[in-house]
Amino acid sequence: MDWYIMQIMLWLIASLVSFYFSLGNARVWTSISIGFFLVLFAEVLPSALPFLPGTDIPHVEAMGYIVGTIAILVMSHGFQEYYVFSRTLEFEGSKTFVYLGVLGVIAGSVAFLLINPAPTPTTLRIIRIVGLTNWVFLSLINIDLIRKIYLNIKDTPIGKGFVAFIVVFASIFLWKGSELYLEVYDLVNLADSYPFRYQLSVIVSNLGNLAASISVGATFLYLARAMR
């Protein structure tokens, strides 16, 4: 099976599981699961299926990167909310507000792109680097935050689920960190000069992507079973 097809299938499963999980559980889980659901559309489809109509349009490519940044911001906000919940057992807002809020931010981003000049290759590269930087550093922050959540709930049935989330973000760190390294040093265009660094970064990125997709789906399935 083609590597990219396998990636898209695994992320399709992981994203659908996370979205379904958001529908059947408390408001405090909504931002976390919606963030992972957005990964399918923001990160995987444009790169894994380049033959889809419209994926070569600069605005579409830029929007893919922006939605990717929205995804990590939304799930990070969700873990912050869960940390407060684990300490106080209180949370605010409704699930509908989360869904509408995410859709509103995406719509605003589309409008911003449409009222500005078409993104050039340089602009797209900058947007991508900004997004990857958010993924890398927020993954590290989330690992520490999830560790704190685990200490508060380790004796509950879902405690091990947060250990699994640490694995998820460690995998994402390897995935996005390798892609950020490739972009910052422009190793795609310098692959002939630095073949080992380029190949190693690509391998780590692909393995991190694979581990992240599998661990996301497995984590939400475990949580769904533990919360019955």
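The values are calculated or read from the model by the stated rules, or taken from the named source; none is laboratory data. Note that the coordinates shown come from a computational prediction; the quantities given were computed from them, not determined experimentally. A quick note on method: Cβ atoms are made from the backbone with ideal geometry, for glycine too, and the neighbour counts reach across all protein chains shown. When the accessible area is computed, the model is the full protein with side chains, heavy atoms only, and any ligands, DNA or RNA have been set aside. Shrake-Rupley method; radii C 1.70, N 1.55, O 1.52, S 1.80 Å.
The table below lists the values:
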item: About the Cα centre, charge dipole magnitude for the chain (Lys/Arg +1, Asp/Glu -1 at Cβ), debye; result: 720
item: Sulfur and carbon atoms: percent of accessible area, the stretch 151-194 [1.4 Å]; result: 59
item: Range in the chain, longest, excluding exposed GluC sites (Glu not before Pro) [loop by DSSP; at most 11 other beta-carbon atoms within 10 Å]; result: 93-228
item: Cleavage-rule hits (chymotrypsin sites (Phe, Trp or Tyr not before Pro)) in the stretch 126-228: DSSP loop, at most 15 neighbouring Cβ within 10 angstrom; result: Tyr185
item: Loop-located trypsin sites (Lys or Arg not before Pro) in the stretch 105-159, at most 12 other Cβ atoms within 10 Å (DSSP); result: Lys154
item: Carbon + sulfur, % of accessible area of the stretch 70-129 - ligands and nucleic acids excluded, 1.4 Å; result: 71
item: Cα point-scatterer Debye curve for the chain, base-10 log of I(q)/I(0) at q = 0.07, 0.16 Å⁻¹; result: -0.23, -1.16
item: J(HN,Hα) series, the stretch 158-173, from Karplus relation 6.51 cos²θ - 1.76 cosθ + 1.60, nearest Hz, glycine and proline x; result: 9, x, 5, x, 6, 4, 5, 5, 5, 4, 4, 6, 5, 5, 5, 4
item: Cross-link partners of Lys176 among aspartates and glutamates (Cα-Cα below 20 Å; sequence separation of 8 or more within a chain); result: Glu43, Glu61, Asp144, Asp186
item: Residue-normalised accessible area of the chain, given per residue in Å² at a 1.4 Å probe; result: 52
item: Rounded tilt (10° steps) of 3-23 against the dominant C-alpha axis of the chain; result: 30
item: Acute angle (nearest 10 degrees) that the helix 95-114 long axis makes with the longest principal axis of the chain, alpha-carbon atoms; result: 20
item: Qualifying lysines (Cα of each under 20 Å from Cα of Lys148; at least 8 residues distant if same chain); result: Lys160
item: Helix 195-226 axis, angle to the chain major axis (alpha carbon atoms, nearest 10°); result: 30
item: Farthest toward positive dipole pole in the chain [+1 Lys/Arg, -1 Asp/Glu at C-beta], among Ala62, Phe21, Ile5; result: Phe21
item: Three-way shape call for the stretch 130-228 based on the alpha-carbon gyration tensor, with the a/c threshold at 1.5; result: prolate
